[in-house]
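Below is one structure, written out as structure tokens; comments come after it.
The values are calculated or read from the model by the stated rules, or taken from the named source; none is laboratory data. Worth saying up front: this structure is predicted, and the values here are computed from it rather than measured. With ideal geometry, Cβ positions are generated from the backbone for all residues, glycine too; neighbour counts draw on all protein chains shown. Please note that ligands, DNA and RNA were not included when accessible areas were found on the heavy atoms of the full protein model with its side chains. Shrake-Rupley method; radii C 1.70, N 1.55, O 1.52, S 1.80 Å.
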Amino acid sequence: MRMAGMRRDGRDGRRNGGETRDDTVTRMKAHVEAEERNDDLATGSFPQVGRAGNGKRSLAGSGLRAKLLSSTLVVLMCALLGFGYMTQINNTQSTYETLSEDELVRLINETSNQAQLLEQRKNELSSQLSSLKAAADQREQAEKIAKQNEETSGIISGRLPAQGEGVVITITRGTKQNIDAASLFTLIEELRNAGAEVISVGDVRVVTSTSITADADGNLICDGVTLDTPYMIRAIGNPADLQNAVNIAGGIGSRLKVMYGSRVTVTQSDDVTIDAVRDPATYKYAKAAQ
Amino acid sequence: MAAVLGLIIGVVIGVFVQPDIPVWVQPYLPIMVVAALDALLGAARAYFERRFSDRVFIISFFANVITATLLVLLGNQLGVGSQLQTAVIVVLGIRIFSNVSAIRRFIFRS
């Protein structure tokens, strides 16, 4: 780069031709001064070499084009400088090369602390996640069981209509005497023993609390509903077993025939539909034991 | 004027582009920037001395940058990279200071 003591060209060079001798002397003096400075050994001094040429020299002579070209080049290089500067600034923020050892140690400590914290947090979250998953599984299981229970208990308690193969039993009015409640109840018990799952008498669904009574006229009353003859008893279960249970020798069927003189018909069917339902009982005293 | 314009353009581009500079350039980029800055200040000083020459500017710009880079490269190969880097920075800093003081003298005439 150019250093101090070079001012001789720019301004002085414009003098007229008449002062050429003075100019030469001035130039020589400056040269000697520069030489002396070059020999200076003080710190921060730099050798200065006078330029051989005529001072100002442009890239392509003079003129508008040359000016444009040089301006463009200067713009380009300054842009290069600015670009490099900004790039370096952006880069310095992400490199640790310029940091001191202490800072680096602190940074490492901070980072490892943070990593530990994050690890801890991750463990917490994953345990939470697994417990939530387990809870969801349990819930699903419980829902499944509850659904099964609902169906089963709905059928048992008479809340739901039922359908399936079974038998339809018709019992006509007794010719010798009216059929008493105990006999009909025995019939129902026999059917239950034979594996009947759902039973209905007339339009009444038989549940655990079903009772059969007789009023003063000898009419049978089942759960408050007076039964009309012929009594229609539907039962869902294994048809053959149910039929056997009624028609077995010395069983309830023959007893009804012999003692009461009624006609008992047992019809097997593949599709016995029991539409009679019963509202679920509300229990006043009993509670489910946990 | 052109220099200021170019600087602004370069800074704006640098702000918006933000390129990923290659790893092998990273140690040399700050040196390059400082060297270019020195060249720029030298040119400013020459401008105030009314003997600015674009040719000299361009040549000194690249010579500065390349010399500084080569010096640091050499230092890296010899195992004294950081020291030589410091040396280059110190020298360039001194030059920048002397250039600035010359410019100051031209501006304030004192």
Relative pair counts by distance (%), Cα atoms of the stretch A:150-290, 10 Å bins: 12, 42, 33, 11, 2, 0
Per residue accessible area in Å² of the stretch A:163-274, where ligands, DNA and RNA are left out and the probe is 1.4 Å: 48
GluC sites (Glu not before Pro) restricted to DSSP loop in the stretch A:165-249 with at most 10 other C-beta within 10 Å: none
Note, ³J(HN,Hα) from phi for the stretch A:140-155, Karplus 6.51, -1.76, 1.60, rounded to Hz, x at Gly and Pro: 4, 4, 4, 4, 4, 4, 4, 5, 4, 4, 4, 5, 4, 6, x, 6
Cα-only Debye scattering, the stretch B:2-109: base-10 log of I(q)/I(0) at q = 0.15, 0.17 Å⁻¹: -0.74, -0.90
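Report the B-A buried area as the accessible area lost on both sides summed, probe 1.4 Å, in Å² to the nearest 100. Before the final figure, lay out each step's value.
On the way: alone 7950 and 21890 Å², together 26130 Å².
Result for this pair: about 3700 Å² buried.
Placing unit charges on C-beta atoms (Lys and Arg positive, Asp and Glu negative, everything else neutral), compute the dipole magnitude of chain B about its Cα centre in debye, rounded to 20.
Its charge dipole is roughly 580 debye.
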Set of aspartates and glutamates near A:K29 by C-alpha distance (under 14 Å), chain-local residues within fewer than 8 positions excluded: A:D9, A:D12
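Please grab the % of Cα pairs in the protein assembly as shown that end up more than 27 Å from each other. Walk me through the numbers on the way to the answer.
Numbers: 57038 of 79800 pairs.
Result: 71 percent of Cα pairs exceed 27 Å.
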Qualifying trypsin sites (Lys or Arg not before Pro) in the stretch B:1-103, DSSP loop, other Cβ atoms within 10 Å at most 14: B:R50
Among A:G224, A:V204, A:A245 the positive-end extreme of the charge dipole of the stretch A:163-274 (Cβ point charges): A:A245
5 angstrom amide H check on A:V272, placed H, neighbours 5+ away: A:G164, A:E165, A:G166
Separation of alpha-carbon centers, the stretch B:84-99 and the stretch A:114-189, rounded to whole Å: 89
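What does the charge dipole of the protein assembly as shown about its Cα centre add up to, to the nearest 20 debye, if the Cβ of each Lys and Arg holds +1 and the Cβ of each Asp and Glu holds -1?
Working: 42 positive and 41 negative charges, 697 e Å.
Roughly 3340 debye for the protein assembly as shown.
Which loop trypsin sites (Lys or Arg not before Pro) in the stretch A:187-290, with loop taken from DSSP, have no more than 15 other Cβ atoms within 10 angstrom of their Cβ?
Details: sites: A:R192, A:R205, A:R234, A:R255, A:K257, A:R263, A:R278, A:K284, A:K287; in loops: A:R263, A:R278, A:K284, A:K287.
Filter output for the stretch A:187-290: A:R263, A:K284, A:K287.
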Residues of type lysines that A:K147 reaches as a straight line, Cα spacing below 23 Å, ignoring anything fewer than 8 places off in the same chain: A:K133, A:K287
Anchor A:K176: lysines whose Cα lies under 27 Å away (excluding residues fewer than 8 positions away in-chain): A:K257
